[in-house]
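Taken together, the values in this text are just the output of simple stated rules run on the coordinates, not laboratory data. Because the structure is predicted, anything quoted here is derived from the model rather than measured. We place every Cβ from the backbone using ideal geometry, glycine too, and count neighbours over all the protein chains shown.
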Amino acid sequence: MKVNFVDLRAQYLSIKPEMDAAIAGILESCAFVNSRSFEKDFATYLDLKNVVGVGNGTDALCMAVHCLGIGPGDEVICPANTFIATAEGIGWAGATPVFVDCDPVTYNLDPTKIEAAITPRTRAIVAVHLYGQPADMDPIVKIAKDHGLLLIEDCAQSHAATYKGKKAGTFGDVACFSFYPGKNLGAYGDGGAVATNNDELAAAVRKLGDHGSSVKYRHDFEGINSRLDGMQGAVLSVKLKHLEKWSDRRIAVAARYNAGLKDVCVVPQTAAGVRHVFHLYVIQVNNRDDVMKHLGEQGIGCGIHYPVALPVTPAYAHLGYGAEQFPVSCGIADKLVSLPMHADLTDEQVDFVIQEVKKVAK
Ligand SMILES: *Cc1c(COP(=O)(O)O)cnc(C)c1O
């Protein structure tokens, strides 16, 4: 039995007629350049006033940080345990990422460690809802308010996740989404979006991504070209209709894994009041090389998210951090393994993965 880490082909086949019709519609209309219809659909889904489609999730972060007026001389707090794009958004805007360690249970930004990282230069916090589990937003929102900081949500892994009944992406000043194909809501190419109730911010992001222009050929400043194209928008509108059902299936797969693996390794825990949508199903083992080698030999795809904590990654060596400052993020980096996770996994496949992990995990 082969078990893919993600299975975009199985997903496509499950919605083929609908998807083929949507793509044919774009070819017929030649509406290639933007995706206003999906932007509306996604704004309605999130219950936010504005969604601006951009080229990818990394652009969404860079553009949001820049358009919030953050730049050189400013510091922005972000988690040590996340994909580099979170910090790239800060660095590309000219600001300095300030890393904070993660919580050992949820792997998300540890709210009890944020205040020690705040300085007079701090302008914002980027909360990442990592692996699909919302960060602990009540204390994070309070810290941002108490210190007059902007709050940015990195929702690249958390489409359809909720915290105390409210969708991830609706807690901060702005939310940044990725529609990279393997994300929970994924396009058939790169895509991203900035979502916000702030009309001015949305207009600024739109203008930045369209060559500094909101009226054709009137360029108020040098912008960039970063838009969500029509084809991707059509794909995403089709997939958005299935997102709730797919999220429920991910949650059921995670529950089955947890039941099968809880006595063999550290399994993910969902915090109270949270809908963890399991973009990734991440366990901890003490013999990762053996586990990954064995799973690979059995045809089971797996991955590591992430092998090196950001503060000690070469890209941030100039900031001078040491691993001892991030005991949790650096301590788990050698133990994390991500098992296959997607909505098209069958119970038989999940049971096969459980059986094979059990044979080797220590
Ligand atoms: C995928 C991802 C991004 C970046 O998205 P791209 O669309 O690949 O640029 C940002 N942050 C996190 C946490 C991600 O997982």
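Yes/no matrix, rows are residues, columns are (1) closer than 30 Å to D347 by Cβ; (2) within 16 Å of the ligand (Cβ to nearest atom); (3) hydrophobic (A, V, I, L, M, F, W, C):
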{"site": "A156", "(1), (2), (3)": "yes, yes, yes"}
{"site": "G189", "(1), (2), (3)": "no, yes, no"}
{"site": "A202", "(1), (2), (3)": "no, no, yes"}
{"site": "L236", "(1), (2), (3)": "yes, yes, yes"}
{"site": "W246", "(1), (2), (3)": "yes, no, yes"}
Exercise. Name, by its number, the condition in (1) of a type outside the set (G, A, S); (2) crowded, with 18+ Cβ neighbours inside 10 Å; (3) within 12 Å of the ligand (Cβ to nearest atom); (4) more than 29 Å from V267 (Cβ to Cβ) that does not hold for E75.
Key: (3)
Practice problem: Return yes when L61 is assigned to a helix (DSSP H, G or I) and under 18 Å from the mean Cα position of the chain (by Cα) and no when it is not. | Solution: yes
Self-check item: Residue satisfying condition, being under 21 Å from A203 (Cα atoms), within 16 Å of the ligand (Cβ to nearest atom) and in contact with a Leu (Cβ under 6 Å, 6 or more places away or on another chain), within set A124, A160
Solution: A124
Exercise. Give me a count of the residues in the stretch 289-304 that are more than 28 Å from C155 (Cβ to Cβ) and outside any loop (DSSP other than H, G, I, E, B).
Key: 10
Self-check item: Odd one out for F83, checked against (1) of a type in the set (A, V, I, L, M, F, W, C); (2) under 26 Å from V328 (Cα atoms); (3) away from the ligand (no atom under 14 Å from the Cβ)
Solution: (3)
Exercise. Out of the residues in the stretch 274-297 that are without any contact (Cβ under 8 Å) to a residue 60 or more places away in the chain and not basic (K, R), state the one that is farthest from the ligand (Cβ to nearest atom).
Key: E297
Quiz prompt | Long-range neighbours under 8 Å by Cβ, at least six apart or interchain, first residue within 22 Å of H129 (Cα to Cα) and among the polar types (S, T, N, Q) within the stretch 58-78, second within 16 Å of the ligand (Cβ to nearest atom) and part of a helix (DSSP H, G or I) | solution = T58/A85; T58/E88; T58/G89
Practice problem: Please list, ordered by first then second residue, the pairs with beta carbon atoms under 8 Å, 6 or more apart or interchain, first in the stretch 254-273 and free of Cβ contacts under 8 Å to residues at least 12 places away in the same chain, second not basic (K, R). | Solution: N258/V267; N258/P268
Exercise. Go through (1) within 16 Å of the ligand (Cβ to nearest atom); (2) surrounded by 23 or more Cβ atoms within 10 Å (Cβ to Cβ); (3) aliphatic (A, V, I, L, M) and name the single condition I224 misses.
Key: (2)
Self-check item: P307, sole failed condition from (1) over 24 Å from the mean Cα position of the chain (by Cα); (2) outside any helix (DSSP H, G or I)
Solution: (1)
Quiz prompt | Output for the stretch 225-253, where each listed residue is without any contact (Cβ under 8 Å) to a residue 24 or more places away in the chain and of a type in the set (A, V, I, L, M) | solution = A252
